[in-house]
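Here's the structure, in structure tokens; my notes come after.
The values are calculated or read from the model by the stated rules, or taken from the named source; none is laboratory data. Only a predicted model underlies this, so the values are computations on that prediction, with no experimental measurement involved. Note that each Cβ is placed from the backbone with ideal geometry, even for glycine, and that neighbours are counted across all protein chains shown.
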Amino acid sequence: MNRRYKGGFVLPIVLVTLIITQIIVFSIIRIYENQMESYLLLIDHYQAQTLLSLSEAHLKELPQTKQIQYNLGQVEVTKSDKTSIELTSTLNSGYQESKMVPKD
């Protein structure tokens, strides 16, 4: 009788192994997706900061400009008060960032 029931332990072991393997694979895929999303967001942040820095340098040359166009996007220049100017960069992907610059 003992010999007949020894084969019944294989199926539960296989099922548990498959479930654990599936959980590990899905976890690795989710971690990879999160890292890619963070990486793409970081790229957008650096591009927006670059546009803001370039625009800040151009403000001294072009003081009356309301909008500066780049191939990555555009930067809008608005006066927030008497002592500062707000620069808002909008990338072609839709990502936006703002920066306050003191008026010279």
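Within the option set Val10, Val25, being outside any loop (DSSP other than H, G, I, E, B) and loosely packed, with under 10 Cβ neighbours inside 10 Å holds for one residue only, Val10.
Ile31 meets the stated requirement of being aliphatic (A, V, I, L, M) and surrounded by fewer than 12 Cβ atoms within 10 Å (Cβ to Cβ).
Here is a yes/no grid of residues against (1) out of contact with any strand residue (DSSP E or B) (no Cβ under 7 Å at 6 or more places or on another chain); (2) of a type in the set (Lys, Arg):
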residue: Ile13; (1), (2): yes, no
residue: Val16; (1), (2): yes, no
residue: Thr21; (1), (2): yes, no
residue: Ile24; (1), (2): yes, no
residue: Lys60; (1), (2): yes, yes
residue: Gln74; (1), (2): no, no
residue: Glu86; (1), (2): no, no
residue: Gln96; (1), (2): no, no
residue: Met100; (1), (2): no, no
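Cβ-Cβ contacts under 7 Å between residues 6 or more apart (or on different chains), taken from a first residue in the stretch 20-48 that is within 27 Å of Ser89 (Cβ to Cβ) to a second residue that is aliphatic (A, V, I, L, M) and surrounded by 10 or more Cβ atoms within 10 Å (Cβ to Cβ), are listed as Asp44/Leu91; Gln47/Leu72; Gln47/Leu91; Ala48/Leu91. Do we find that Ile28 is modelled with pLDDT of 95 or more and aliphatic (A, V, I, L, M) in this structure? It is true that Ile28 is modelled with pLDDT of 95 or more and aliphatic (A, V, I, L, M). For the stretch 49-97, the tally of residues that are in a loop (DSSP other than H, G, I, E, B), in contact (Cβ under 8 Å) with a residue 12 or more places away in the chain and under 22 Å from the mean Cα position of the chain (by Cα) stands at 5.
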